[in-house]
Amino acid sequence: MQAGRLITFEGGEGSGKSTQARLLAEILRAQGHRVTLTREPGGTPLAEAIRELVLGNWAEGMDGVTELLLMFAARAAHLHGLIQPALAQGQIVICDRFIDSSHAYQGGGQGIDGTHLAALEALVMPTLRIDLTFILDLPVAQGLARARARGQTNRFEDVHTSFMQRVREAFLQRAAQFPDRCAVIDASAPRAAVTRAIEDRVAALLQQKAH
Ligand code: TMP
């Protein structure tokens, strides 16, 4: 029994998902909900330290398996230290990236077989329910241009466009595989329209009885 709600934001670089996650947290708090806004990799001191490893200087030349295991190590620490306690208290947890990013980047991008991802998923999050996932979808060139204009490129943003194309396709595949949980949002629409679409979908979720 999961008392709270878990809402995740996914998408490629420059899709605006972090901004939208923050805006949704503000809207829900203004409505009186208790909200935890967090991100992956990261979200707790330990998981943020792992983020430094996997996205910082050590990332140079890191092999795909090490990267995959560090992403899941960060996720295990995050679930244990923050997400599960907040859900048990009945909070709405909004997470900027989650499991679908592993499928998109390590699976689609790096080409790691889905069976390995499924095994780690079964180990790290056997009973977790994600209530809603927004996949902010944008043509790769547009997303990378936005990310570069922000000056916030990390090592994944620096890699080749074809990698990001595979990432995008993997996100869309996940959406097709889990249509009840995933909502694909056109991230090229004006920011306010994106926020409204997200807000409507969340309102519908919150009207449903917790199960
Ligand atoms: P972001 O904070 O700008 O979204 O950057 C996080 C980076 O980490 C992004 O390039 C995607 C990557 N990532 C993975 O490759 N696998 C994962 O499971 C997660 C959560 C993130």
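Every read-out reported here was derived from the displayed coordinates using simple, explicitly stated rules and does not represent laboratory data. Treat the numbers as computed from the prediction; the structure is a model and nothing was measured. Reconstructed Cβ throughout: ideal geometry from the backbone, glycine too, with neighbour counts over all protein chains shown.
Being within 25 Å of Ala197 (Cα to Cα), of a type outside the set (Lys, Arg) and surrounded by 15 or more Cβ atoms within 10 Å (Cβ to Cβ): is that true of Ile50 here?
No.
Out of Gly11, Gly61, I need the residue that is buried (at least 23 other Cβ atoms within 10 Å of the Cβ) and on the phi > 0 side of the Ramachandran plot. Which one? Step by step, each of Gly11, Gly61 is checked, and only Gly11 is buried (at least 23 other Cβ atoms within 10 Å of the Cβ) and on the phi > 0 side of the Ramachandran plot. Residue selection: Ala147 satisfies the criterion of being within 15 Å of the ligand (Cβ to nearest atom), surrounded by 12 or more Cβ atoms within 10 Å (Cβ to Cβ) and more than 15 Å from the chain's Cα centre (by Cα).
Please return the ranges of helices (runs of 4 or more DSSP H) entirely within the range 1-108 where 3 or more residues are within 9 Å of the ligand (Cβ to nearest atom).
Values: elements: 17-30, 45-55, 64-78, 84-88.
Qualifying helices (runs of 4 or more DSSP H): 45-55, 64-78.
Every condition in (1) more than 13 Å from the ligand (Cβ to nearest atom); (2) assigned to a loop (DSSP other than H, G, I, E, B) is met by Ile112 except one, and the failing one is (1).
Filtering the range 109-121 for residues that are buried (at least 19 other Cβ atoms within 10 Å of the Cβ) and at positive phi leaves an empty set. In the range 49-91, which residue that is without any contact (Cβ under 8 Å) to a residue 24 or more places away in the chain and of a type in the set (Asp, Glu) is nearest to Ile7 (Cα to Cα)? Here the answer is Glu52. Applying a threshold of 6 Å to beta carbon distances and a minimum spacing of six or more residues, or different chains, the list of pairs starting in the range 119-147 at a residue that is among the β-branched types (Val, Ile, Thr) and ending at one that is part of a loop (DSSP other than H, G, I, E, B) reads Ile130/Arg181; Thr133/Arg181.
Scanning the range 115-136 for residues that are within 14 Å of the ligand (Cβ to nearest atom), assigned to a helix (DSSP H, G or I) and β-branched (Val, Ile, Thr) yields one hit, Val124.
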